[in-house]
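Some notes on the structure that comes next.
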């Protein structure tokens with residue numbers, strides 16, 4: 001019987017002992033269909049494709065010589081699970097072809113909220129790290145990672161890029177000039193401060209205290225004061241429960257006009273309806289996720305300008 005596969009077995013695999021990166025060579029960028037929006041400027045791109053055999057199995061092709069090169073695979077590990085399979089299969093293909101280093105550029109790092117161990121329950125973020133490392137990924141680049149413990153659980157270096165200046169630049173002059181920047185909970189304070197600073201308003205911030213209850217999200221207190229214009233800043237807009245509750249409380253505290261700026265817009269139902277009913281008049285969101293449920297009125301902020309440093313070997 002074959003020995004069970006474990007991390008120590010993977011560590012001894014030839015895939016983990018690549019040749020050194022060739023000096024002065026730019027990274028080879030592998031962007032499957034649907035992810036080219038993240039690549040701008042002059043980069044060395046390798047044509048690739050991930051297709052299915054008639055029996056449903058996946059096969060990856062990379063049409064470039066990558067021996068000794070640093071490579072960047074752009075993709076998503078968010079559901080459906082075929083995306084995670086594509087990223088790992090492409091990384092494995094590059095390593096088999098002799099790539100010296102493989103970086104996974106995952107603009108939205110899914111599973112980052114599954115970062116707390118509980119008895120008898122999977123630990124999603126650690127599982128993702130095991131899969132990526134087993135496929136030959138050396139490090140991850142992402143945007144506004146949710147979990148501060150991401151690198152520890154993934155067991156590899158994680159570079160989290162801030163979209164603060166992109167979001168601030170996308171705001172109309174009125175919002176940059178007059179809004180109070182509000183974090184919907186303590187965990188969002190730093191990213192809210194970063195957007196406020198990028199907008200030239202580092203002192204016009206406030207934050208709320210949030211508690212999750214059996215019936216949903218409850219906001220308990222406001223630290224600071226708010227102007228009539230309020231911009232709520234957060235990393236993930238999922239079901240909209242946190243942001244709609246935040247908007248409701250801010251309106252009770254005197255806000256007349258409320259907007260939202262978020263990094264990752266999942267827009268899981270009933271998010272759009274909750275925001276509308278809470279009186280949110282505008283949403284700015286990056287293109288890290290292409291959700292079919294995203295309202296057509298949302299203002300989309302491209303992330304591509306953030307990634308130039310990632311593509312340098």
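Things to note:
- Among the residues of the stretch 121-145, those identified as under 16 Å from the mean Cα position of the chain (by Cα) and either in a loop (DSSP other than H, G, I, E, B) or assigned by TED's automatic domain parsing to the domain that holds residue 190 (or both) are 144, 145.
- When 155, 164 are checked against the criterion of being crowded, with 20+ Cβ neighbours inside 10 Å, within 18 Å of the chain's Cα centre (by Cα) and at pLDDT 95 or above, a single residue qualifies: 164.
Table: residues versus (1) surrounded by 19 or more Cβ atoms within 10 Å (Cβ to Cβ); (2) in the same structural domain as residue 242 (by TED's automatic domain parsing); (3) more than 20 Å from residue 184 (Cα to Cα).
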site: 264; (1), (2), (3): yes, yes, no
site: 277; (1), (2), (3): no, yes, no
site: 286; (1), (2), (3): yes, yes, no
site: 289; (1), (2), (3): yes, yes, yes
site: 293; (1), (2), (3): no, yes, yes
site: 296; (1), (2), (3): no, yes, yes
site: 312; (1), (2), (3): no, no, yes
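- Scope the stretch 197-218; condition surrounded by 13 or more Cβ atoms within 10 Å (Cβ to Cβ) and under 19 Å from residue 236 (Cβ atoms); matching residues: 207, 208, 209, 210, 217
- Counting only strands (runs of 3 or more DSSP E) wholly contained in the stretch 21-88, the ones carrying 3 or more residues that are over 22 Å from residue 289 (Cβ atoms) and over 18 Å from the mean Cα position of the chain (by Cα) occupy 44-52, 58-63.
- Each residue in the stretch 265-305 was checked for being part of a helix (DSSP H, G or I) and under 28 Å from residue 42 (Cα atoms), and 2 of them qualify.
- For the condition within 30 Å of residue 256 (Cβ to Cβ) and not in a strand (DSSP E or B), residue 176 qualifies.
- Enumerated strands (runs of 3 or more DSSP E) restricted to the stretch 198-237, each holding at least 2 residues that are closer than 19 Å to residue 165 by Cα, in contact with a helix residue (DSSP H, G or I) (Cβ under 6 Å, 6 or more places away or on another chain) and free of Cβ contacts under 8 Å to residues at least 60 places away in the same chain: 229-237
The values are calculated or read from the model by the stated rules, or taken from the named source; none is laboratory data. None of these values were measured; they are calculated from a predicted model. Cβ: placed from backbone, ideal geometry, glycine included. Neighbour counts: every protein chain shown.
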